[in-house]
Every structure is written in structure tokens, then in C-alpha cells.
Amino acid sequence: MRALVLDAKDAPFRIEKREPPRLQAGTVLLRVRACGVCHRDLIDRRGLYPFSMFPRVIGHEIAGDILELGPDVTSFRVGDRVATTHRPSCGQCRACLANEPVRCERSFWSYGMTVDGGYAEICLAHEGTLVKIPDEIDYNHACFLHCTAAVALRALLHRGRLVVGETVLVTGASGGVGIHALQLIRHVEARSIAVTSSESKVAVLKEAGANEVIVVKPGTKLQDEVLRITDGQGVDLALELVGQPTFGASVKSLRPGGRLVLVGNVTAERVEMNPGIFILKELELIGSASAKRGDVESIFALAAKGTLKPILAGTLPLEEAEKAHERLRSRDVVGRLVLVP
């Protein structure tokens with residue numbers, strides 16, 4: 001098999017021919033058919049997490065078919081079409097018993113960080129991360145729906161408690177999470193204000209469901225534009241997907257009693273925050289990470305019915321991963337790029 005290997009932090013990709021991984025209890029060998037290129041891949045590549053280890057094969061948005069089953073695997077069969085979630089859960093810790101497996105206290109399996117991921121022809125996958133792909137969804141779409149649409153679903157509905165008729169501000173709206181969030185907001189009959197830095201992305205954001213689009217240029221005060229659009233009221237919910245650059249403006253865009261759900265900014269960047277505005281306006285700051293298996297299954301059901309349209313920015317062969325990363329850094333992507341081994 002071929003794999004793209006990073007030998008150290010910020011190292012160039014190196015193609016390596018190697019033997020397939022050895023099966024372990026509760027794992028399967030997965031023939032990788034598609035792997036999404038996520039912004040987190042850039043972070044993984046730089047080794048910015050304290051538990052990142054090298055050499056490493058990155059990539060955590062994986063779809064393929066099962067080649068071989070390891071010991072104790074009972075929920076899947078050889079040939080099943082599956083996609084991965086971020087990590088498995090133990091089912092026994094306090095978080096898991098509270099039905100919050102995303103917060104599992106004992107799981108250290110993380111594709112692209114603690115174990116090799118999907119920038120390869122074959123990868124070792126944990127049974128607890130797998131979700132069966134409906135026949136109506138192809139691999140190129142299935143690979144990234146958990147890390148885009150399912151993450152958006154958890155952030156908006158479960159963590160953000162979005163309801164019919166509310167208005168949502170979405171920063172970084174042309175990215176994988178943002179552009180699928182716009183569709184979900186429309187699906188629940190709420191209103192969205194999308195934020196982008198490019199005029200060329202306005203049409204596709206409106207097509208995805210944005211009611212209004214703000215193009216941020218030098219000198220633009222985002223909060224002023226939001227208040228203008230909302231007749232001075234502000235938004236009920238801000239889905240903050242960028243982090244430090246837009247965090248302050250998102251806070252100032254909230255109406256009294258509003259909620260800010262923070263999904264971006266997983267690196268060590270700092271933000272300035274005035275606690276007074278949270279106290280006086282009774283605002284909520286909510287973190288949201290990953291998605292449950294049930295969230296992914298819900299998204300797959302919506303996509304299979306055609307209610308949700310996966311936004312594929314394009315496909316590239318495994319050897320062109322560097323080009324994919326360059327496009328991501330330059331913000332030349334709407335939706336998700338996918339590597340096809």
C-alpha cells in the first residue's frame with residue numbers, strides 16, 4: 001500500500017510503500033476510497049496539539065470499504081461501505097454514561113494525531129468510529145459529512161438550541177462546516193447571515209441558503225453590518241467558525257440573551273473578551289466539538305433524501321495533497337476538497 005507520511009512537524013509529504021497495518025481487537029482494515037482535506041489537517045501537520053506524534057499519516061475524514069475484520073468486530077462485515085467519525089468512546093466513563101461520547105475521558109484514538117489516518121490507500125479503523133454509508137451517498141461526499149454537516153448539526157441544534165424563526169450569524173461561511181450549516185439553518189426554518197471575505201463566494205452562499213451575505217473588506221465593521229441587517233436587534237445565535245479574527249465582532253453582534261457557539265479556534269490563539277458585556281446582556285458562550293454517531297446518521301439520512309447537498313470543492317489524487325493544502329491556506333475553497341487514493 002501507499003501512504004503519505006509526515007516525518008516531523010511542518011515536514012513535506014513523503015510517499016511511502018509499506019505493508020498494511022496489523023489488525024487489533026475491535027478494528028478493521030479499511031480500503032480508503034476518499035479522504036476529506038480539513039483545516040484541522042493543517043493544524044495536525046504543524047504538530048500544534050500536545051499529543052501529536054510523528055512520523056504520522058494525517059487525515060481524519062475517511063470513507064471506504066472494509067477489507068478485513070479484526071477480533072471481536074461484530075457490527076460490520078467485509079465489503080461494508082463505511083465512513084469514520086472522529087474517535088471512538090469507551091461507553092463507561094462519566095461522559096459516556098451521560099450520553100456525551102464526544103467528551104469521552106478514556107478514548108485516545110484520534111485519526112491523524114495519535115493513530116495514522118486516511119492519506120493512504122489502506123488504514124486501520126476502530127469499529128467504534130464507523131458509520132455505514134447509505135447507497136445513495138458516494139464516498140467523495142460521505143467522507144467529509146461527519147466533520148462538516150454533523151459538526152454543524154451538533155453545534156446549531158444540540159449545543160446552540162436553535163429554533164424556528166431565529167437568526168444565525170455564520171462566520172467562515174464558505175468552509176466545510178459553514179456552508180453545510182447554512183443548509184441546516186434553512187431546513188429548520190431559521191434565518192442566516194453568512195460572512196465571507198470574497199465577493200466571488202456570495203452567489204454560492206446564497207444558493208446554500210444564506211438569507212444575507214456580508215463581505216468583510218478592510219475597514220468593514222462586521223457588528224455594524226449585522227446590526228444594520230437586523231434593524232439594530234442583533235442575532236439570536238452566532239456560529240463562530242473562524243475564531244480570533246471574528247470572535248469580538250460575533251459577541252457584539254448578539255442580541256441580549258444571545259448565544260455564541262464556538263467551533264473554530266482550536267489552536268492557542270488568544271481572544272480579548274469583556275466579561276461585562278456577557279453579564280449585562282446575559283450572553284452565553286458555548287463550546288462545541290465533533291459530533292455523535294447519531295448526528296452523523298441523521299446527516300446521512302438527510303443527504304440520502306436530497307434534503308442536504310454535500311458541497312464538494314473538487315477531488316485530487318493522493319500525490320497532490322500539497323496542492324490541496326495550498327488551496328486551503330489561500331482560502332480558495334468552497335465546501336470540501338477530497339483526496340482519492
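Readers should treat all values here as calculations from the given coordinates under stated rules, not as data from a laboratory. Quantities reported herein were computed from a predicted structural model and do not represent experimental measurements. Please note: Cβ atoms are built from the backbone with ideal geometry, for glycine as well, and neighbour counts cover all protein chains shown.
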Q.
If I build a Gaussian network model for the chain, linking alpha-carbon pairs within less than 10 angstrom, which residue out of Gly175, Gly64, Gly294 has the largest mean-square fluctuation?
A. Gly294
Q | Violating pairs (Cα-Cα greater than 32 angstrom) within the set Lys252/Lys323; Lys9/Lys309; Lys221/Lys292; Lys132/Lys252; Lys17/Lys323 | A | Lys252/Lys323; Lys9/Lys309; Lys221/Lys292; Lys132/Lys252
**Q.** GNM top mover of Ala289, Ala150, Ala95 - the chain, alpha-carbon springs below 10 Å
**A.** Ala95
Q. Quick one: what Rg and Dmax do you get for the range 161-287 from the alpha carbons, in Å?
A. 13.4, 39
Q: Please give the calculated 222 nm ellipticity per residue for the chain, where each DSSP H segment of at least 4 residues contributes -39500 (n - 2.57) and the sum is spread over every residue; nearest 500 deg cm²/dmol?
A: -6500 deg cm²/dmol
**Q.** Cα centroid of the range 11-68 to Cα centroid of the range 76-141, whole Å
**A.** 12
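Ranking request for peptides 241-253, 326-338: highest mean number of other beta-carbon atoms within 10 Å first, then the rest in descending order. Before the final figure, lay out each step's value.
Numbers: 241-253: 21.0, 326-338: 18.0.
Answer by packing, highest mean first, reads 241-253, 326-338.
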Q) Could you state the number of Å between the C-alpha centres of the range 267-316 and the range 190-206? A) 17
Q: Quickly work out the Glu320-to-Arg2 label distance, labels modelled 7 Å from Cα along the C-beta direction, and quote it in nm with one decimal.
A: 1.3
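Averaging over all projection directions, find the projected area of the Cα convex hull of the chain and quote it in nm² with one decimal place. Present the calculation step by step, with values, prior to reporting the outcome.
Details: hull surface 67.4 nm².
Spelled out: convex hull of the Cα atoms, projected over all directions, averaged, 16.8 nm².
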Q: Could you calculate, for the range 251-341, the ratio of the Cα radius of gyration to the Kirkwood radius, expressed as Rg to Rh?
A: 1.09
Q. Looking at Ile62, Ile43, Gly26, which one has the Cα that reaches farthest to the positive end of the dipole of the range 1-150 (charges on Cβ: Lys, Arg +1; Asp, Glu -1)?
A. Ile43
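Sort 269-279, 305-315, 4-14 by the packing proxy (mean of other Cβ within 10 Å over each peptide's residues), most packed first. The partial results should precede the final answer.
Details: 269-279: 10.6, 305-315: 17.0, 4-14: 15.1.
The packing order, highest mean first, is 305-315, 4-14, 269-279.
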(Q) Using only Cα atoms and rounding to the nearest 10 degrees, what angle (0 to 90) does helix 293-305 make with the longest principal axis of the chain? (A) 80
Q: Can you tell me which of 114-120, 96-102, 16-22 comes out highest on packing, and rank the rest after it, using the mean Cβ neighbours within 10 Å?
A: 114-120, 96-102, 16-22
